[in-house]
Amino acid sequence: MAMQQAFREAVITEIIHEEILIEQRHELAALATLLLAKAQEEEDASSNSYETSYEYYEEDEEEEEEEPSSVEQPQPTTRKRPLPLVEMQNPVPQKRQRVNPTPAAAQPQPPP
């Protein structure tokens with residue numbers, strides 16, 4: 001009888017552990033479902049804000065196309081031949097020469 005009692009307790013303990021595991025799996029599945037729903041909500045919110053900003057951008061483009069410009073831009077003129085280069089237009093920089101402020105005669109001569 002003692003063996004039957006030990007076997008019965010082991011079976012009951014095993015069933016309880018299995019029920020606990022099943023309940024934990026259900027809780028994990030529920031949490032995962034909530035997290036996925038929240039992530040989907042955030043993704044939808046961010047894509048909706050992108051879509052609305054994109055729609056506003058398209059509306060702005062349409063308005064710009066409809067409004068005629070009151071000031072016309074001047075058209076660039078083209079020349080058949082290039083202008084001749086004149087050296088004076090872009091002078092080559094000259095190297096600076098040092099100017100001595102005292103004349104050569106006024107410089108003191110070293111004693112002989």
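Just to confirm a number: summing +1 for Lys and Arg and -1 for Asp and Glu over residues other than ALA2 whose beta-carbon lies under 14 angstrom from that of ALA2, what do you get?
Counting the neighbours of ALA2, the net charge comes to 0.
Take HIS17 and LEU36, extend 7 Å from each Cα along the Cα→Cβ direction, and tell me the distance between the two endpoints in nm.
Distance between the two pseudo-spin positions: 3.0 nm.
Coordinate-derived values only; no laboratory data. These numbers come from a predicted model, not from an experiment. A quick note on method: Cβ atoms are made from the backbone with ideal geometry, for glycine too, and the neighbour counts reach across all protein chains shown.
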